[in-house]
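The values are calculated or read from the model by the stated rules, or taken from the named source; none is laboratory data. Quick caveat, the model's predicted, so the values are computed rather than measured. Glycine also receives a Cβ, built like all others from the backbone with ideal geometry; neighbour counts cover every protein chain displayed. Remember, those area values only see protein heavy atoms, side chains included, never the ligands or the DNA or RNA. Shrake-Rupley method; radii C 1.70, N 1.55, O 1.52, S 1.80 Å.
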Amino acid sequence: MIALLERARGDSPTLAASSAEIDAARTRSKLADKAWFPDVTLGVGPLIQTNNRPPGVAATIGINIPLSWGREASEQKEAIARLGAARQRYDAALLEIQATLGEALARLKAARQTEDLLDREALPQARAAQKSIAAGYSQGRGDLAAAIDAEHRVHDLELKLLQAQLDGQMALAAIERLIAGDL
């Protein structure tokens, strides 16, 4: 189960989206932290020639000083809250995948045990009983209702075997969907 969970963790598109959301929230938080510091802007460019003046260069310096009026603090708190929410969504998605994977593994195990029990024990016994009753009926020692009932039991067990095989394949498909690959 641990290996399957690791595969699901590495290949799950849901977890990849949640991880990207965490990275984006972490980046927003870093930007909100930087809003407390002044911004310095430097610029250099050519002067446009007018009235036959010689060409020149213009240089600019700009300083943006943040005034603490609560906007930066609220943006920082919002970024931290978004980061926490993104982490919780990631954890919830991981727990959901883990629970679904455990459930699918339990269904697969139960289906295989049922299939094994039907295939090795119940079905051979029912077929042997059906042959015995049919042989007795053909010799005049049994009645038709018992022969039909034995045939019906064999067909019921064969249907249960097919249902167990189907359940196993559905559980296997659910596991492969969760790990995003083949087993």
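When the convex hull of the Cα atoms of region 92-140 is projected onto a plane and the area is averaged over all directions, what value comes out in nm²?
For region 92-140, averaging the hull's shadow over all directions gives 3.7 nm².
Name the lysines eligible as straight-distance cross-link partners of Lys160: C-alpha to C-alpha under 25 Å, and not fewer than 8 places from it in the same chain.
Lys109, Lys131
Rounded to whole Å and ordered largest first, report the semi-axes of the equivalent ellipsoid of region 45-117 derived from its Cα gyration tensor (root of 5λ).
Semi-axes, largest first: 67, 23, 6 Å.
Using a 1.4 Å probe over the heavy atoms of the protein chains, calculate the carbon and sulfur portion of the accessible area of the chain as a whole percent.
Taking all protein chains in place, the chain shows 58 percent carbon and sulfur surface.
How large is ³J(HN,Hα), in whole Hz, for each residue of region 79-92 in order, when computed from phi with the Karplus curve 6.51 cos²θ - 1.76 cosθ + 1.60 and θ = phi - 60°, using x for Gly and Pro?
Running phi through 6.51 cos²θ - 1.76 cosθ + 1.60 with θ = phi - 60° gives 4, 5, 5, 5, 5, x, 5, 5, 5, 5, 5, 4, 4, 5 Hz.
Which value, in debye to the nearest 20, gives the size of the charge dipole of region 37-101 about its Cα centre, when Lys and Arg are +1 and Asp and Glu are -1 at the Cβ?
Computed about the Cα centre, the dipole is about 180 debye.
With 10 Å bins from zero, work out the P(r) of region 50-168 over every alpha carbon pair and list the percent per bin.
With a bin width of 10 Å, the distribution comes to 11, 17, 13, 11, 9, 8, 8, 7, 6, 5, 3, 2, 1.
Return the equivalent ellipsoid semi-axes of region 53-93 as a descending list in whole Å, where each equals the square root of 5 times an eigenvalue of the C-alpha gyration tensor.
In descending order, the three semi-axes are 44, 17, 4 Å.
Can you work out the Karplus-derived ³J(HN,Hα) for every residue in region 167-175? Use 6.51 cos²θ - 1.76 cosθ + 1.60 with θ = phi - 60°, whole Hz, and x for glycine or proline.
Karplus-based 3J(HN,Hα) across region 167-175 equals 4, x, 5, 5, 5, 5, 5, 5, 5 Hz.
Over the chain, with the other protein chains present, what is the accessible area per residue in square angstrom, probe 1.4 angstrom?
For the chain, the solvent-accessible area averages 71 Å² per residue.
Treating only the Cα positions of region 109-182 as identical point scatterers, give the base-10 log of I(q)/I(0) from the Debye formula at each q in 0.19 Å⁻¹.
Ignoring solvent entirely, the Cα scatterers give -0.76.
Using only alpha-carbon positions, what ratio does the radius of gyration of region 1-60 give when scaled by 2.2 N^0.38 Å?
2.45
Which whole-Hz ³J(HN,Hα) couplings does region 103-119 yield from phi under the Karplus relation 6.51 cos²θ - 1.76 cosθ + 1.60, θ = phi - 60°, glycine and proline marked x?
5, 5, 5, 5, 5, 5, 5, 5, 5, 5, 5, 5, 4, 4, 5, 5, 6
If each DSSP helix of 4+ residues adds -39,500 (n - 2.57) and the sum is divided by the residues in the chain, what number results at 222 nm, nearest 500 deg cm²/dmol?
Theoretical 222 nm ellipticity from helices: -25500 deg cm²/dmol.
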